[in-house]
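Q: Here it is, the structure in full.
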Amino acid sequence: MNIPAITPSVITKSYQLLELLAVLEHASANIEHAGGGENDAANMGRSIGSTLGLALELASDLHDVLEKNAARSEA
């Protein structure tokens, strides 16, 4: 069984995820103040959607590593 280790790469991914979530929090709090009307708000909405997709991918990868490490610890 190949269980991934918690490596510097995994830690880097966790920091990237935190940064993405901070950006999303800021963007979602300020979407009404986009300043350029509906087009800017729509563009910001698409950017938020793309960033959420990346954040979900990172979270999924991290969850897999943590889950497998937890199972290894319990064995």
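The values are calculated or read from the model by the stated rules, or taken from the named source; none is laboratory data. None of these values were measured; they are calculated from a predicted model. Please note: Cβ atoms are built from the backbone with ideal geometry, for glycine as well, and neighbour counts cover all protein chains shown.
Q: Six or more apart or on different chains, Cβ atoms under 7 Å: show the pairs whose first residue is in segment 49-75 and more than 14 Å from L17 (Cα to Cα) and whose second is part of a helix (DSSP H, G or I).
A: Within 7 Å, the pairs are V65/V10.
Q: Within segment 40-55, how many residues are modelled with pLDDT of 75 or more and over 10 Å from the mean Cα position of the chain (by Cα)? First the steps, then the outcome.
A: Filtering segment 40-55 for residues modelled with pLDDT of 75 or more gives 42-55.
Imposing the further condition that a residue be over 10 Å from the mean Cα position of the chain (by Cα) reduces the set to 42-50.
Total meeting the criteria: 9.
Q: What are the residues in segment 52-75 that are in contact with a helix residue (DSSP H, G or I) (Cβ under 7 Å, 6 or more places away or on another chain) and closer than 13 Å to V10 by Cα, if any?
A: Looking only at segment 52-75, we keep the residues that are in contact with a helix residue (DSSP H, G or I) (Cβ under 7 Å, 6 or more places away or on another chain), and these are 52, 54-55, 58-59, 61-62, 65.
L58, A59, D61, L62, V65 - these are the residues of segment 52-75 that are in contact with a helix residue (DSSP H, G or I) (Cβ under 7 Å, 6 or more places away or on another chain) and closer than 13 Å to V10 by Cα.
Q: Still on this structure: In this structure, is T12 modelled with pLDDT of 75 or more and loosely packed, with under 14 Cβ neighbours inside 10 Å?
A: Values: modelled with pLDDT of 75 or more: yes; loosely packed, with under 14 Cβ neighbours inside 10 Å: yes.
Considered against the rule, which asks whether it is modelled with pLDDT of 75 or more and loosely packed, with under 14 Cβ neighbours inside 10 Å, T12 comes out as yes.
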